[in-house]
1. For GLU111, GLU35, write out the residues from largest to smallest accessible area, computed with a 1.4 angstrom probe and no ligands counted.
2. In degrees between 0 and 90, to the nearest 10, how far off the longest principal axis of the chain does helix 111-122 point, with axes built from Cα atoms?
3. Just report the Cα centroid separation between segment 135-186 and segment 43-120, whole Å.
4. Given (i) 134; (ii) 146; (iii) 118, which label gives volume of the Cα convex hull per residue in Å³ as computed from the coordinates?
5. Where does each of LYS106, LYS59, LYS22 land when they are ordered by accessible area, with a 1.4 Å probe and the largest first?
6. If segment 26-122 were replaced by its equivalent ellipsoid, with semi-axes equal to the square roots of 5 times the Cα gyration tensor eigenvalues, what would those be, largest first, whole Å?
7. Just the accessible area for ARG50, please: 1.4 Å probe, Å², rounded to the nearest 10?
8. If you count only protein heavy atoms and use a 1.4 Å probe, how large is the accessible surface of ASP125, to the nearest 10 Å²?
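The values are calculated or read from the model by the stated rules, or taken from the named source; none is laboratory data. Given the structure is predicted, the values throughout are model-derived calculations rather than measurements. Ligands, DNA and RNA are excluded from the accessible area calculation, which covers all protein heavy atoms including side chains. Shrake-Rupley method; radii C 1.70, N 1.55, O 1.52, S 1.80 Å.
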Amino acid sequence: MGIEAVIAAERQRYVDFYAETKARLTASGSDVVGELLISINNDEIPYPYRYVRADIVSKGDDGAPQLSEVRIDTDPAFEATGYNFGAFQVEVYPFTWCSVQVVFDKPPKSESQIEDWITRRLDVDDRGGTGLDGLSGAVHSFSPVESNGEWWFLTADFGTAPADALIEFIELLASQGMSKIVLKAG
C-alpha cells in the first residue's frame, strides 16, 4: 500500500471516531462546539505553537465550559513500513492522526517556513470555513521542534485536516534536506 493510502486510512479512522464522539455528545443535549480555535495566553509559548483547536467544548454540569480531547488508540493491525523516495526515506510506524510524532535526521533549514505552514494549516485566521461534513479541515496543534542531539522532532494533532496535509508536511521537510523522516505515535 502506498504512503498516501496509509495516511488517508489513518486520517479517516480518526475523523470517523471524532465525528461519532461529537454527535454522541450533541445528542445527549449538551451545547457542543467542535474545533474551537484557542490562543494560550502565555508569551513563553512561541507563535504559532500557542494556538490549538480544542476538539470539543461543551457545557459542564456547573454550566462552565468544558474542554475535551478526542483520542483514539493506535490501530493494532497497523504494520510498520518504509518508503524510499530517492532523496529521502520515510518510515511509518503505528501512529494516530490525533498524535503523530514526526522525527527527522537534520535540523530544519527554515523553522519560519515550518511555522508559516503550521499557521496556514491551523487556519489561525479562520479562512478555511467549515466543510460539507461540518468539520474545519484544520490541524489542531503542533509542538515546537525539539532535538535530542541526534534527531529533531515535533508532535502534531492533525485534527480534521485532509490527508494531503501530512503528505505536504513530509514534502516540506524533504525540501529542507531531510534524508530520513519517521512517523510514529506521539
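1. Details: GLU111 80, GLU35 10 Å².
Correct descending sequence by accessible area is GLU111, GLU35.
2. That works out to roughly 30 degrees.
3. 6
4. Answer by label: (i).
5. Values: LYS106 80, LYS59 110, LYS22 50 Å².
Ranking LYS106, LYS59, LYS22 by accessible area, largest first, yields LYS59, LYS106, LYS22.
6. Details: eigenvalues 214, 95, 18 Å².
Equivalent ellipsoid of segment 26-122: 33, 22, 10 Å, largest first.
7. 50
8. Here the accessible area works out near 100 Å².
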